[in-house]
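Asks: My structure is below; once you've seen it, I'll send some questions.
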Amino acid sequence: MEPPPPPPLPPATPPDDEDVEEESEKIEDTSQIPGVILPQLEELEKQFFELVASGNVIGVQEFLNTNEEFRINSANFQNLSALHIAVKERDVAMVELLLSRDDIDCGDTALHAIKDNEQRIAMMILDKMESQVPGSQFTGPIDSSEFPDATTPMDVAASCGHFELIKMLAARGHVIEEPHPPSCCCDEICKPEREIEDPLTLDNKRLYRYRAIANPAYICHTSPDPILKAFQLSVLLDKAASFERELYKSYKQLSQEVACFAAELIGCARKAEEVEIVLQQRGGNIQARKFIFPRLLFAVECEQKLFVAHHNVQQVLETRWIGNWYEWKAKSGPAKILVVIQRIPILPIIAIWLLIAPNSKIGKRWQIPVNRYISSVASYLVFLLFVYLQSSIDKKNQLRGPPDSGFEVIICFYVISYIWAGIRLCMTHGPKRYFGERWNLYEVTMLSLFILTFVFWALAAIDVRTNGQRDLERKYWHKYDPTLIAEGLFCIATIMAFFKLLFVCQLDYNLGPLQMSLGKMIKDVTKFLFLFLIIIFSFAVGLAKLYQYYDGMVQIDDESKIKTQQVASFVDFRSSLRTLFWAVFCMSAIESADVIIENLPGETESETIINKHSFTEGIGYFAFAGFEFMSVIVVLNMLIACMSNTFTAFTDNVAVEWTFGRTEVYIDIMAQNALPPPFNFLPTGSDLRWLAEYIKLLIKPTDTKKAKWDLKHCCFIENLSEDDDEKFGEVMGHLMMRYFRKKEAEVEKSDTEGLRKDLMELKSILKDALSAP
């Protein structure tokens, strides 16, 4: 069946004259509204642009000869002139013809040519600019449609990574002035710039310039030590990102690109010798002269995780770590623990051996870093044993004053030896790096608690000798008795001492990532703790004395005679804070918000009246419920989600994060003495040789070495000899050549794959066309 025909349309009525006039008025009003003003080409100018785009040099010459009054600098709606079109088409002959005109305006065409890596065209335009206005080739154009204001040719060449153009421009005297960081407020440059220039223009210009100087091609061309320059730029850009929050992503991405360049550059090394030469450079870190790999120490300080975790760096570091004890890596976890336990009884033998024959084969074996670590762990286990025995003494019959178990002297000696080891490590790395590590701060806190414990033991002994009452029973002691304070401090110190076993787990492949993720999540807890403190403080202040009047009141039920006492919940600030805090852990009763009023006398003696302040109780319940909702449901769930996100982000990058954390442990162990506490007070043969050399240089310094002393490093020998620049320069030359060749190969590969993909699509289209009927 055919569908029914559509109904006929009603006849159109002709519009009235009044409607036509109103519509025409609307059109006229709309046409009078000013729009966006853009340059427009006339017919003659369009013809000229077509001739330039076609590459007809003879036609353009005839056109210019015929139209002598023609405006050669006319631009289209994109603000592109004929010279822009010739540069875009890479037509050298056409550019040369246009530049022959005296009235030609080069504008930003040189920047376009540099961006397209057209070296000959760029040099021709720069020469023309210099002939017109001397020095104009070094200044950037204004109101460019593509480039920020004051963008120089070297800025564009560096940001695009054109190595040859950078070299040619540098030969002509082009340089990039490194911008001041966003946080700088110097009176010479930054303050006048902020007063004169537009803030958005200033920020864009700074960011573009940072992109230029952070390009690998520019770094390799201008810096004799590209890796050091990359580290410094990465740190600088991270600080700029933290200060300039509006451009945080841009600065952070640029910082990661620079850090990735340093890692890729060290990845081009083919021999361990090349990596060692790079890591042995002292540039940028004067305090690392005592460490075997100063550049690695500087990379850790700058948190260059990609560089530190690179397998080339780790291979060299692992070789130094285990020495010639290759069997250690093949041992299982239980076997390694057994080695640590077996090391405990022979620690005194090792100390004597290193004192007598440190250069013997066995002596050198004891001094490799992995053996130092095993010895330090074994010694620490002994320390924990004495701490456990001290904390487990019977306190029922303990007398006032310091304990007399006999372990106090051993613990004190251990603590002093650990303090000495920390001082030596601080002198080696410097206070900034030492106190910048969280584990070092943790150990300083733990040792401080032990020292305070010893101090209060001494005060307790003085108190007993002065005031007597040695046999006074514990329940009669003063609440701030020195013995009680010492026990409390020792309790916290003991917890921290055993908790430090997590540091040992950091080197294990299975436990290390979990231990480090725990540290990351503790940071999240610290951040949310600030929000939680604001919430609990707000509610505690509001509820501080809401129930103060009812404190201690008891209500008795007339029938059951059951007594109900007012809970000391919101009677003062301290009780309010305590109630709200334990409510987070569901340990505050719901009756905490009840208002209890004692029985009021009735008409007879046996009759009582029970009054209720319902509004006050309702406010208490409302505030209590509001706190529970905000803290438990909102804040805690946000914390859980944030911790989960942190754990996921860490596990996604666990190889880099854990390797970087393990390297920090390696560096600390390699910088410590060969003997662990408490044997580190004994001098080893290497220490005696160093002392003899120090005295010798103190009496008669040489041209390359001097004996010095300062507050940071105490006594040290300053090595005045420079790095082997010739060997390092040769290695860096090889690394840069391999790096740029690798990048070029990647570009060629991507271009080839793109061409292959296009050919496959063309083949499919032709196949479909031929198979069609």
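The values are calculated or read from the model by the stated rules, or taken from the named source; none is laboratory data. Predicted, not measured: the structure shown is a model, and the values here were computed from it. Backbone-built Cβ (ideal geometry, glycine too); neighbour counts: all protein chains shown.
Asks: Only one residue in Phe681, Phe622 is among the aromatic types (Phe, Trp, Tyr), exposed (fewer than 15 other Cβ atoms within 10 Å of the Cβ) and free of Cβ contacts under 8 Å to residues at least 24 places away in the same chain, so which one is that? Let's see the steps before the verdict.
Replies: Working: Phe681 fails: free of Cβ contacts under 8 Å to residues at least 24 places away in the same chain.
Testing whether each residue is among the aromatic types (Phe, Trp, Tyr), exposed (fewer than 15 other Cβ atoms within 10 Å of the Cβ) and free of Cβ contacts under 8 Å to residues at least 24 places away in the same chain leaves just Phe622.
Asks: Identify, please: which residue in the range 391-413 is over 48 Å from the mean Cα position of the chain (by Cα) and not polar (S, T, N, Q) and is, among those, surrounded by the fewest Cβ atoms within 10 Å (Cβ to Cβ)?
Replies: Lys396
Asks: Additional query: Considering (1) in contact (Cβ under 8 Å) with a residue 24 or more places away in the chain; (2) assigned to a helix (DSSP H, G or I), say which one Ile640 fails and leave the rest.
Replies: Tallying (1) in contact (Cβ under 8 Å) with a residue 24 or more places away in the chain; (2) assigned to a helix (DSSP H, G or I), Ile640 fails exactly one: (1).
Asks: Which of the residues belonging to the range 537-565 are assigned to a helix (DSSP H, G or I) and within 22 Å of Phe615 (Cβ to Cβ)?
Replies: Keep residues of the range 537-565 that are assigned to a helix (DSSP H, G or I), which gives 537-542, 548-550.
Listed by number, the residues that qualify are Ser538, Phe539, Ala540, Val541, Gly542, Gln548, Tyr549, Tyr550.
Asks: So which pairs qualify, if the first residue must be in the range 121-139 and aromatic (Phe, Trp, Tyr), the second must be buried (at least 17 other Cβ atoms within 10 Å of the Cβ), the Cβ gap must be under 9 Å, and the two must be at least 6 apart or on different chains?
Replies: If the second residue must be buried (at least 17 other Cβ atoms within 10 Å of the Cβ), the pairs left are Phe138/Thr152; Phe138/Pro153; Phe138/Met154; Phe138/His174.
Asks: Looking only at the range 168-176, decide whether some residue is of a type outside the set (Gly, Ala, Ser) and over 20 Å from Thr109 (Cα atoms).
Replies: no
Asks: Still on this structure, I have one more. Of everything in the range 566-619 that's polar (S, T, N, Q) and part of a helix (DSSP H, G or I), which residue is nearest to Ala540 (Cα to Cα)? Give the steps one after another, and end with the answer.
Replies: Here is the first cut: in the range 566-619, the ones polar (S, T, N, Q) are 566, 569, 575-576, 579, 588, 592, 599, 604, 606, 608, 611, 614, 616.
From the residues that got through so far, the ones that are part of a helix (DSSP H, G or I) too are 575-576, 579, 592, 614, 616.
Working: Ser575: 9, Ser576: 5, Thr579: 9, Ser592: 13, Ser614: 21, Thr616: 16 Å.
Filtering the range 566-619 for residues that are polar (S, T, N, Q) and part of a helix (DSSP H, G or I), the one nearest to Ala540 (Cα to Cα) comes out as Ser576.
Asks: Another one. Scanning for something touching a helix residue (DSSP H, G or I) at 6+ places or on another chain (Cβ under 7 Å), of a type in the set (Val, Ile, Thr) and buried (at least 17 other Cβ atoms within 10 Å of the Cβ), does the range 460-480 turn up at least one residue?
Replies: Here is the first cut: in the range 460-480, the residues touching a helix residue (DSSP H, G or I) at 6+ places or on another chain (Cβ under 7 Å) are 460, 463, 470, 477.
From the residues that got through so far, the ones that are of a type in the set (Val, Ile, Thr) too are none.
Looking through the range 460-480, none of the residues is touching a helix residue (DSSP H, G or I) at 6+ places or on another chain (Cβ under 7 Å), of a type in the set (Val, Ile, Thr) and buried (at least 17 other Cβ atoms within 10 Å of the Cβ).
Asks: (1) modelled with pLDDT under 90; (2) surrounded by 14 or more Cβ atoms within 10 Å (Cβ to Cβ); (3) among the charged types (D, E, K, R); (4) touching a Gly at 6+ places or on another chain (Cβ under 8 Å): which one isn't true of Arg438, the others all being true?
Replies: (2)
Asks: Across the range 287-299, which residue is modelled with the lowest pLDDT among those that are touching a helix residue (DSSP H, G or I) at 6+ places or on another chain (Cβ under 6 Å) and part of a helix (DSSP H, G or I)? Outline the logic, then answer.
Replies: Let us first name the residues in the range 287-299 that are touching a helix residue (DSSP H, G or I) at 6+ places or on another chain (Cβ under 6 Å), namely 288, 290-291, 293-297, 299.
Now drop any that are not part of a helix (DSSP H, G or I), which leaves 288, 294-297, 299.
Working: Ala288: 43, Pro294: 87, Arg295: 89, Leu296: 91, Leu297: 88, Ala299: 91.
Filtering first and then ranking leaves Ala288.
Asks: In contact (Cβ under 8 Å) with a residue 40 or more places away in the chain and surrounded by fewer than 21 Cβ atoms within 10 Å (Cβ to Cβ), is that true of Val313?
Replies: On the way: in contact (Cβ under 8 Å) with a residue 40 or more places away in the chain: yes; surrounded by fewer than 21 Cβ atoms within 10 Å (Cβ to Cβ): no.
Spelling it out, it is not the case that Val313 is in contact (Cβ under 8 Å) with a residue 40 or more places away in the chain and surrounded by fewer than 21 Cβ atoms within 10 Å (Cβ to Cβ).
Asks: Which pairs do you get when a residue that is within 19 Å of Pro334 (Cα to Cα), found in the range 492-514, comes within reach of a residue that is surrounded by 15 or more Cβ atoms within 10 Å (Cβ to Cβ) and among the polar types (S, T, N, Q), reach meaning Cβ atoms under 9 angstrom, with the pair 6+ apart or on two chains?
Replies: Listed pairs, sorted by first residue: Leu502/Gln515; Phe503/Gln515; Cys505/Gln515; Gln506/Gln515; Asp508/Gln515; Gly512/Gln506.
Asks: What about Ser100, is it over 34 Å from the mean Cα position of the chain (by Cα) and without any contact (Cβ under 8 Å) to a residue 60 or more places away in the chain? Walk me through how you get there before you give the answer.
Replies: Working: over 34 Å from the mean Cα position of the chain (by Cα): yes; without any contact (Cβ under 8 Å) to a residue 60 or more places away in the chain: yes.
Yes, satisfied.
Asks: In addition: I'd like to check which helices (runs of 4 or more DSSP H) are fully inside the range 341-431 and have at least 2 residues that are farther than 27 Å from Leu452 by Cβ and without any contact (Cβ under 8 Å) to a residue 40 or more places away in the chain. I'd like the intermediate steps shown before the answer.
Replies: On the way: elements: 347-356, 361-366, 369-391, 408-429.
Ranges flagged: 347-356, 361-366.
Asks: Being among the charged types (D, E, K, R) and either loosely packed, with under 15 Cβ neighbours inside 10 Å or in a loop (DSSP other than H, G, I, E, B) (or both) is the filter here; which residues of the range 175-231 pass it? If you could, list the steps in order and put the result at the bottom.
Replies: Going residue by residue through the range 175-231, those that are among the charged types (D, E, K, R) are 177-178, 187-188, 191, 193-195, 197-198, 203, 205-206, 209, 211, 225, 229.
Scanning the range 175-231 gives Glu177, Glu178, Asp187, Glu188, Lys191, Arg194, Glu195, Glu197, Asp198, Asp225.
Asks: So Ile492 clears everything in (1) at pLDDT below 85; (2) within 35 Å of the chain's Cα centre (by Cα); (3) not aromatic (Phe, Trp, Tyr) except one condition, right? Which one?
Replies: Of everything listed in (1) at pLDDT below 85; (2) within 35 Å of the chain's Cα centre (by Cα); (3) not aromatic (Phe, Trp, Tyr), Ile492 misses just condition (1).
Asks: Of the numbered conditions (1) modelled with pLDDT of 90 or more; (2) closer than 30 Å to Glu437 by Cβ; (3) acidic (Asp, Glu), Asp508 fails exactly one; give the number of that condition.
Replies: Condition (1) is where Asp508 drops out.
Asks: Taking the criterion of being under 20 Å from Val156 (Cα atoms), surrounded by fewer than 19 Cβ atoms within 10 Å (Cβ to Cβ) and among the hydroxyl-bearing types (Ser, Thr, Tyr), would at least one residue in the range 245-259 satisfy it?
Replies: Applying the first criterion (under 20 Å from Val156 (Cα atoms)) to the range 245-259 yields 250-251, 253-255, 257-258.
Within this subset, residues satisfying the condition of being surrounded by fewer than 19 Cβ atoms within 10 Å (Cβ to Cβ) are 250, 253, 257.
Still in the running and among the hydroxyl-bearing types (Ser, Thr, Tyr): 250.
Checking the range 245-259: at least one residue is under 20 Å from Val156 (Cα atoms), surrounded by fewer than 19 Cβ atoms within 10 Å (Cβ to Cβ) and among the hydroxyl-bearing types (Ser, Thr, Tyr).
Asks: Among the candidates Arg211, Arg172, Arg206, which residue alone is free of Cβ contacts under 8 Å to residues at least 60 places away in the same chain, of a type outside the set (A, V, I, L, M), in contact with a Ser or Thr (Cβ under 6 Å, 6 or more places away or on another chain) and within 22 Å of Ala157 (Cβ to Cβ)? Give the derivation first.
Replies: Values: Arg172 fails: in contact with a Ser or Thr (Cβ under 6 Å, 6 or more places away or on another chain); Arg206 fails: in contact with a Ser or Thr (Cβ under 6 Å, 6 or more places away or on another chain).
Among Arg211, Arg172, Arg206, only Arg211 is free of Cβ contacts under 8 Å to residues at least 60 places away in the same chain, of a type outside the set (A, V, I, L, M), in contact with a Ser or Thr (Cβ under 6 Å, 6 or more places away or on another chain) and within 22 Å of Ala157 (Cβ to Cβ).
Asks: Just the residues that are part of a helix (DSSP H, G or I) and over 14 Å from Pro226 (Cβ atoms), please, taken from the range 248-273.
Replies: Start the filter on the range 248-273 by keeping residues that are part of a helix (DSSP H, G or I), which leaves 248-267, 272-273.
Those that are part of a helix (DSSP H, G or I) and over 14 Å from Pro226 (Cβ atoms): Tyr248, Lys249, Ser250, Tyr251, Lys252, Gln253, Leu254, Ser255, Gln256, Ala272, Glu273.
Here is a yes/no grid of residues against (1) in contact with a Lys or Arg (Cβ under 8 Å, 6 or more places away or on another chain); (2) within 30 Å of Ile393 (Cα to Cα); (3) free of Cβ contacts under 8 Å to residues at least 12 places away in the same chain:
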residue: Glu473; (1), (2), (3): no, yes, yes
residue: Ala486; (1), (2), (3): no, yes, no
residue: Tyr550; (1), (2), (3): no, no, no
residue: Val554; (1), (2), (3): yes, no, no
residue: Gln566; (1), (2), (3): no, no, no
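Asks: Is there a residue being loosely packed, with under 14 Cβ neighbours inside 10 Å and within 21 Å of the chain's Cα centre (by Cα) anywhere in the range 654-672? If you could, list the steps in order and put the result at the bottom.
Replies: First, the residues of the range 654-672 that are loosely packed, with under 14 Cβ neighbours inside 10 Å: 655.
Now narrow it down to the ones that are within 21 Å of the chain's Cα centre (by Cα): 655.
Yes, the conditions are met somewhere in the range 654-672.
Asks: Residue by residue through the range 499-537, note down the ones that are acidic (Asp, Glu) and more than 19 Å from the chain's Cα centre (by Cα). Show your work before the answer.
Replies: Restricting attention to the range 499-537, the residues satisfying the condition of being acidic (Asp, Glu) are 508, 524.
The answer is Asp508, and nothing else.
Asks: Which is under 32 Å from the mean Cα position of the chain (by Cα) and either modelled with pLDDT of 75 or more or closer than 30 Å to Ile266 by Cα (or both), of Asp725, Asp751? Spell out how you get there, then give the answer.
Replies: Details: Asp751 fails: under 32 Å from the mean Cα position of the chain (by Cα).
Going through Asp725, Asp751 in turn, the sole match is Asp725.
Asks: Sticking with this one: Just one of Glu130, Glu146 is surrounded by fewer than 16 Cβ atoms within 10 Å (Cβ to Cβ), within 36 Å of the chain's Cα centre (by Cα) and not aromatic (Phe, Trp, Tyr); which is it? Give the derivation first.
Replies: Details: Glu130 fails: within 36 Å of the chain's Cα centre (by Cα).
Of the residues listed, the single one that is surrounded by fewer than 16 Cβ atoms within 10 Å (Cβ to Cβ), within 36 Å of the chain's Cα centre (by Cα) and not aromatic (Phe, Trp, Tyr) is Glu146.
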